[in-house]
């Protein structure tokens, strides 16, 4: 047993750079896992700075002075943030309040529609099954109502946290953009001089995460915008709220699209029933999801490392369980980083004894 362990250590940790890289990855993982909640504004600012760094670099390639390019991109970011806070947030809040007020009527209509199923399909659905489903739905809605009440009573700390984010995150974004070279030089000063392996993995990590963040944000805005236009054109209620859910759902591969289909179908069913308008809406929604998965995603993430769907789902479950939303958001780049580390890791092949 000890010989097997010794051979494994000699094979994968005989290189000093590999040992240093393993220590750095362990420290980074531990720091994020233990201090992630306190450093959440810093992580959010870093994500947004990654997102805007490409625009700053593009302007610098056009001979725009660095400080002016940073100021221009930061002013654009603040303009988008103000539009979001002053236009989109009030609209979404109004639709959420309206939805809660109309929820009892929706439940009554959904119940009447479910009670019609045994009459139309007696061989598939029985009265007992429908009544059992209604009781289960009432129980889940009751739990949701209790959660909403608890959430409203404890919303003051949440508001304080939001205000902290609104103040700290823009400041951090500005300094991450302005002093990115100085911060990078300071960090590299604590690394070993011989760091070819670390540099190779860091470059791969930077490329993967930066491309993923930019591509995913573009996908969120494109899917959300196109969905909103389609929902408004078809006259669906709560179009902005549902379009936002569709846009955010692309963060979770495979699962997000399935989960967000439920509220879209239920609200359309409440509004139109089993009508042609409902079929048109679901057809348009299906076309948007198909184009997103087969056209937009391959176009945006053509440079990403190809990962098996099982690996993606495992990464979403693992990192989502550890870090919540940010873990889900970074599940794919973290999985590709893990793959890049494994591919770049130096290995000392075991010597084979010659045959006599």
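Here, each number is a calculation from the coordinates, and none is a lab measurement. Remember, it's a predicted structure, so these values are computed and weren't measured experimentally. Here Cβ is always computed from backbone atoms with ideal geometry, including for glycine, and neighbour counts include all displayed protein chains.
Sorting 276, 292 by the number of Cβ atoms found within 10 Å of their own Cβ, with the fewest placed first, yields 276, 292. Kirkwood hydrodynamic radius computed over segment 212-346 comes to 16.0 Å, based on all pairs of distinct alpha carbons.
Packing, taken as the mean count of other beta carbons within 10 Å per residue, orders the peptides 128-136, 256-264 from highest to lowest as 256-264, 128-136. Fewest neighbouring Cβ atoms within 10 Å first, the residues 56, 295 line up as 295, 56.
Going from the fewest other Cβ atoms within 10 Å to the most, the residues 223, 314 appear in the order 314, 223.
Ranked highest first by the average count of other Cβ atoms within 10 Å around their residues, in what order do 41-53, 90-102, 67-79 fall?
Highest-to-lowest ranking by the protection proxy: 41-53, 67-79, 90-102.
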